[in-house]
Amino acid sequence: MTEFKSFVKRTIYVVLPVILFTVYCIPIQADVIPIKDLERAELILYGTISDSAILQRVDTLETALFGEKTKESIIARAQRVASAVFDNENGLSLQLLVNIMEWTLFSEIKQGCLIERVDNLEMNVYGEVKYDGLMKRVETMASLLVPLDILEADYVQIPKGEEIHIKLLEEINTAVIKKGVLIDFVIEKNYKIDGYLVIPAGTRGTLQVTDLERAGNFGKDASITLKINDIQAFDTTTIPLNLKLDKENNSKEIALGVGLLGTIIVSNPVGFVASYFLKGKEIVIPSGTVIRTQVMEDVEVYTVKMM
């Protein structure tokens, strides 16, 4: 009997702490302030991340979005802010609505922080900037610009391997370019899937020079390694691209020598004459050259049908 009591005590000593840890720790882990989401909301709205205290940041975001602060917990308020700015689960997010309105009005998505973009929309629609909460301002404009009651919104999938053409906005010249430099490009045409706009014309991106070999003596040709950075879909979902060589290629980087240029270039302003690409065995790819890329993996985006 004594041994049994001793066994029961030992069992309680071992099991009880585990039970208490499970009961008290799991809710604490589940209910945390979404700091990363707050930072993302600040970047979208203002273009910078605030270094103020958490409560001040939530106060500022709530007031900017809704025109007032609420008395809920910081966690609930922060989640509400994040949901309003970029979550499409319960309807169109603020970010997607602004994208749709800009596309309707300008046929392009503007650069800059969301507050400046809303100010610009209001100046074009009303001739003045309004000063209510951002949600009310956007919803009011949307009722004028976007027929929300008939707008078709849904999730669509961009398949792995989808070919995307990018147009260089700057010349690439191995004689003068430096390692680490970013080269701007633009996507000139709309990419749609079943009528849903997934990548709008005018979407910008960058290539980065990650390695470089200039032309040298004894017939040494130049070579350059380029990395393509991710672009954003219409709903700002990240789309990873690679520089297309073949179906097996799954790298964001490509080392370009003279012989590989023709495999990725679709067209360029001066035609496919080798001498236009090579000047003294340096590689020169003119501004305006169109390069083929492909989507690296299946990507799901939330978007709308656009005419």
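The values are calculated or read from the model by the stated rules, or taken from the named source; none is laboratory data. Just so it is clear, the model here is predicted, and its values are computed rather than measured. Cβ: placed from backbone, ideal geometry, glycine included. Neighbour counts: every protein chain shown.
When segment 158-200 is examined, which residues are found to be of a type outside the set (D, E, K, R), assigned to a loop (DSSP other than H, G, I, E, B) and buried (at least 18 other Cβ atoms within 10 Å of the Cβ)? It would help to see each step written out before you state the result.
Narrowing segment 158-200 to residues of a type outside the set (D, E, K, R): 158-159, 161, 164-166, 168-169, 172-177, 180-183, 185-187, 190-191, 193, 195-200.
Next, only the ones that are assigned to a loop (DSSP other than H, G, I, E, B) stay: 159, 161, 169, 174-177, 180-181, 187, 190, 195, 200.
Within segment 158-200, 174, 177, 187, 200 qualify.
For (1) assigned to a loop (DSSP other than H, G, I, E, B); (2) surrounded by 14 or more Cβ atoms within 10 Å (Cβ to Cβ); (3) touching a Leu at 6+ places or on another chain (Cβ under 8 Å), each residue gets a yes or a no:
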{"position": "103", "(1), (2), (3)": "no, yes, yes"}
{"position": "111", "(1), (2), (3)": "yes, no, no"}
{"position": "117", "(1), (2), (3)": "no, yes, no"}
{"position": "122", "(1), (2), (3)": "no, yes, no"}
{"position": "131", "(1), (2), (3)": "yes, no, no"}
{"position": "136", "(1), (2), (3)": "no, no, no"}
{"position": "140", "(1), (2), (3)": "no, yes, no"}
{"position": "156", "(1), (2), (3)": "no, yes, no"}
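Screening residue 73 against (1) of a type in the set (Gly, Ala, Ser); (2) surrounded by 15 or more Cβ atoms within 10 Å (Cβ to Cβ); (3) more than 25 Å from residue 152 (Cα to Cα) leaves a single unmet condition, (2). For residue 144, the conditions (1) under 25 Å from residue 100 (Cβ atoms); (2) of a type in the set (A, V, I, L, M, F, W, C); (3) modelled with pLDDT under 90 are fulfilled apart from (3).
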